[in-house]
Amino acid sequence: MSSVFPAVRPDGYRQHALHSSERMWPETNCYADLWIEVLNTLGLPPEAILGFTLTQDFEGDQFTFFKVPLEDLEALYGIRVSELAIFDRVERHVETQIARGRLCLIEMDSFYMPDTQGTAYRSEHGKTTVAINRLDVAGKRVEYFHNAGYFQLEGEDFDGLFQMHLERENPPFLPYTEFAKFPERFSGEKHIRDVSDRLFKVHFSRRPAENPIRAFAKQFPQQVEAIADRPFGFFHKYAFNTLRQFGANFELAADHLAWLSSGKFTRAEEDARRISEVAKSVQFQLARAVTRRKFEPLQTALDPAADAWDSMMTSISERL
């Protein structure tokens, strides 16, 4: 069975420190987490690419689903990511690309993924991005990067994931797929640091014009009151796309600031971690508010995070 990274196995796989269980947000979102682990496997510093976290905004009903910019991947590490056209069965395309040393990133159904046990596995259909490293179609087995780890599945889950249970008259859904081409030689540390510093300034210039957390805070109590009338499962979706997205985003921003320059952005790093801490705390308050249907405490719950965002951006501006 061919693979892109022959040495990687589910047993004994070691996560990057950015996914430590001691963090406030050990997982962020599927796409950012996946790239952290792929870069970790390549021996490259994922902290270098996190400047894009400065651009996160409140989009009216959710915070920006922060994703690793493909142009940054190429500038920093020489990794080129393009869309892979799917016109045949997905697994046939994946086999071809693995044989060429390329990693396929595919949107798949978490309903068939055992590593989502307790959230989606065999209970809810939902799209999530995985990167397939090893594929054995005949043996119905696949190994893949997903969220904060590296996993495998087989048998009936394999059939479901690749839609092999469909009849001939029911053509499979063709998912959005990307593939990563790795350079013959990766950039050295100096190049990565120089480019990361340049990209940091670019992303800072693209930060929201208005405080996104303060904008969210104005709508937060009313949104929570509305979701309190929905099935409780909807609470988790709402929290993931609001509090978890900006909480995890700014914890990564703090890691980027710490990696970028020792001591230069200490104040901004502290502010970023404060935003993350507040998001975590308010998530617990949110659960209590929904259960008890008491929404008044949420009126000012996000103020410390909003103040920290202002302080963070002012501090970075002064240091630059």
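The values are calculated or read from the model by the stated rules, or taken from the named source; none is laboratory data. Just so you know, these numbers come straight off a predicted model, no measurement behind them. Please note: Cβ atoms are built from the backbone with ideal geometry, for glycine as well, and neighbour counts cover all protein chains shown.
For G12, which of the numbered conditions (1) among the small types (G, A, S); (2) farther than 21 Å from F151 by Cβ; (3) out of contact with any helix residue (DSSP H, G or I) (no Cβ under 6 Å at 6 or more places or on another chain); (4) not assigned by TED's automatic domain parsing to the domain that holds F162 fails to hold?
For G12, the failing item is (2).
For the stretch 250-281, how many residues are surrounded by fewer than 23 Cβ atoms within 10 Å (Cβ to Cβ) and β-branched (V, I, T)?
Total satisfying the criteria: 1.
Output yes when any residue across the stretch 133-155 is touching a residue at least 12 places away in the same chain (Cβ under 8 Å), surrounded by 13 or more Cβ atoms within 10 Å (Cβ to Cβ) and farther than 25 Å from E37 by Cβ, and no when none is.
No, because not a single residue in the stretch 133-155 is touching a residue at least 12 places away in the same chain (Cβ under 8 Å), surrounded by 13 or more Cβ atoms within 10 Å (Cβ to Cβ) and farther than 25 Å from E37 by Cβ.
Exactly one of (1) touching a helix residue (DSSP H, G or I) at 6+ places or on another chain (Cβ under 8 Å); (2) of a type outside the set (D, E); (3) surrounded by 15 or more Cβ atoms within 10 Å (Cβ to Cβ); (4) under 23 Å from C30 (Cβ atoms) is unmet by F234. Its number?
Unmet for F234, out of (1) touching a helix residue (DSSP H, G or I) at 6+ places or on another chain (Cβ under 8 Å); (2) of a type outside the set (D, E); (3) surrounded by 15 or more Cβ atoms within 10 Å (Cβ to Cβ); (4) under 23 Å from C30 (Cβ atoms): (3).
Restricting to the stretch 99-114, give me the number of residues that are touching a strand residue (DSSP E or B) at 6+ places or on another chain (Cβ under 6 Å) and either crowded, with 20+ Cβ neighbours inside 10 Å or outside the structural domain of Q152 (by TED's automatic domain parsing) (or both).
Residues flagged as touching a strand residue (DSSP E or B) at 6+ places or on another chain (Cβ under 6 Å) and either crowded, with 20+ Cβ neighbours inside 10 Å or outside the structural domain of Q152 (by TED's automatic domain parsing) (or both) within the stretch 99-114 amount to 6.
In the stretch 111-131, how many residues are out of contact with any Phe, Trp or Tyr (no Cβ under 7 Å at 6 or more places or on another chain), outside any loop (DSSP other than H, G, I, E, B) and under 14 Å from E27 (Cβ atoms)?
The number of residues fulfilling the criteria is 2.
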